[in-house]
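Chemist: Got a structure for you, questions after.
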Amino acid sequence: MLNKRGCGILLHPTSLPGPGGIGSLGADARRFIDLLYAMGMSYWQVLPLTPPACGNSPYSAFTAFGGNPLLIDLERIVNEGDLSQAACSDSYPEERVDFATVAGSKMELLYQAGSAFLAHNATPRTHEFHHFCDTTPWLHDFALFMALKRLFHGKSWNRWPAEASRITPEKYQKYSEELGQEIGVQKYLQWQFSRQWHELRTYANQRGIAVIGDIPIFVAHDSADVWSHRELFLLDSKGNQTVVAGVPPDYFSATGQLWGNPHYDWDAMEQGGYRWWIERFKTMFEVFDIVRVDHFRGFEAAWQVSVKSRTAREGIWVKGPGEKLFDALQTALGPLPIIAEDLGVITPEVVALRDRYDFPGMKILQFAFDSGPSNPELPHNHVKHGVVYTGTHDNDTTRGWYDSVSDSVRNGMNVYLCTSGADCVGDLMRAALMSVADTVIIPFQDIMKLGSEARMNIPGTPFGNWEWRFTWDMLPRDLAASVRSQVERYDRAQYGEKTYAT
């Protein structure tokens, strides 16, 4: 994979159409895969599928391992008898995700379903559920964490009573017994997500479409990962952060981005043989065919900011594990199907780390026209072993970007591409498809030529992101044929069926 000319679409499942106020892993997801197949696509790229913690962001999750229950297809739950059809009658906006409303109502239904399932006598599904529980190493810690979070009214774990925040084996066992019902429901939700996602990925693979996932380098402080492995993070004795992650001033923000994630204690990670990271990547490779590693440069050196700082301006670069981590991963897991998100402040050391393992890097065409001919994002500077995007989830849509940039940038693009700019989105997509790079990924919003109203995320803003959805009636009738003709023209169309998942 990623070693021949191909094309894919970037769309997070929450943006899919369908009932329930949010995209799911059900029939509409399969219809979308059918559309990708009709377009001649080889890849479907998604954002992290983990359960969002802060600001509904998939890059801030309660666990780095599990799935987002809001993506579970309720129709499947109804068909299996864990929920009545009458319970799923709420109506929601079609073109935005109202996360607060959807999370409240859907989680209530999922809790009902989980309780009903756990009350059933032994069935073949019960055996499948227990097998999942017995073979998923991270599951009980996460389920207990979520049960404790519910018990303590949603507070961050470092604000729980000491016996729960710094848990001993005795208290671990005590809470596991006392909160058994809640823990069981949490495990049910992860089981349902896992089986539905596995079936959907298999459906995509059978149509020759590989699924590209996304692994954020950092995890949320308020997560099962930090709570259960606090010794692997830079925290004080009470579990509070002393330093946080971010990036210095960049394209997106004049003051930098203050992400707020805890930094890793890389010495402790190394002493433990990087076992946590090995298990994390192993899990991701079981979920996806290829994994995009977000903020890859942080493994060489990451921006560290005092927890007292109000912006990310005053930070320092702190060395990461570099090749020691990736050597350990490769020894444990074999070849690593990784895309390195190598954007931002990239040094020769970062390039050397990426190239040591032959990871393809990324090029973003929206960044190509603000400087001279040596700009590495310009198509004539692309390399074969790379992945080209018109933009990512952090960028505006191409239509919105083109309308908002300076005249000089617009003119630079028009002159470079020998076009008037009347079809700026089509022009930039064509430039991506023409690139020498093996792989092209286009956000679905650009396929539909939408404006800024369809933007997914504005970095550095805590609210109002991740909400965009499309509806089927927004798609032109000839969309699949039109896109396929372009993909074929530049020798990127896939034909026939292949199988990647097992």
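Chemist: Among the numbered criteria (1) touching a helix residue (DSSP H, G or I) at 6+ places or on another chain (Cβ under 8 Å); (2) over 24 Å from A204 (Cα atoms); (3) of a type in the set (G, A, S); (4) not in a helix (DSSP H, G or I), which single criterion is violated by G460?
Modeler: G460 satisfies all of (1) touching a helix residue (DSSP H, G or I) at 6+ places or on another chain (Cβ under 8 Å); (2) over 24 Å from A204 (Cα atoms); (3) of a type in the set (G, A, S); (4) not in a helix (DSSP H, G or I) except (1).
Chemist: Tally up the residues in region 57-90 that are farther than 21 Å from K187 by Cα, in contact (Cβ under 8 Å) with a residue 24 or more places away in the chain and assigned to a loop (DSSP other than H, G, I, E, B), please.
Modeler: Here the count works out to 4.
Chemist: For region 228-240, how many residues meet the condition of being farther than 17 Å from D141 by Cα, in contact with a helix residue (DSSP H, G or I) (Cβ under 9 Å, 6 or more places away or on another chain) and polar (S, T, N, Q)?
Modeler: The number of residues fulfilling the criteria is 1.
Chemist: Turning to a different aspect of this structure: Does S91 satisfy the condition of being of a type in the set (S, T, N, Q), surrounded by 12 or more Cβ atoms within 10 Å (Cβ to Cβ) and over 22 Å from the mean Cα position of the chain (by Cα)?
Modeler: Judged against the criteria, S91 is not a match.
Results for (1) more than 18 Å from T392 (Cβ to Cβ); (2) not aromatic (F, W, Y), shown as yes or no for each residue.
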site	(1), (2)
N3	yes, yes
H12	no, yes
G23	yes, yes
A27	yes, yes
F32	yes, no
A38	yes, yes
L47	no, yes
P51	yes, yes
F62	yes, no
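Chemist: What single numbered condition from (1) part of a helix (DSSP H, G or I); (2) closer than 27 Å to S24 by Cα fails to hold for P476?
Modeler: Among (1) part of a helix (DSSP H, G or I); (2) closer than 27 Å to S24 by Cα, P476 violates only (1).
Chemist: Same structure again: Looking at E341, E323, can you tell me which residue is surrounded by fewer than 18 Cβ atoms within 10 Å (Cβ to Cβ) and of a type in the set (D, E, K, R)?
Modeler: Every option except E323 fails the conditions.
Chemist: Could you say which residue among K308, K282 is surrounded by fewer than 17 Cβ atoms within 10 Å (Cβ to Cβ) and in a loop (DSSP other than H, G, I, E, B)?
Modeler: K308
Chemist: Test H130 against the stated conditions and say whether it is surrounded by fewer than 18 Cβ atoms within 10 Å (Cβ to Cβ) and in contact with an Asp or Glu (Cβ under 9 Å, 6 or more places away or on another chain).
Modeler: no
Chemist: Right, another one. Can E488 be described as in the same structural domain as A103 (by TED's automatic domain parsing), at pLDDT 95 or above and of a type in the set (D, E)?
Modeler: It is true that E488 is in the same structural domain as A103 (by TED's automatic domain parsing), at pLDDT 95 or above and of a type in the set (D, E).
The values are calculated or read from the model by the stated rules, or taken from the named source; none is laboratory data. The model shown is predicted, which means the values in this text are computed figures rather than measured ones. We place every Cβ from the backbone using ideal geometry, glycine too, and count neighbours over all the protein chains shown.
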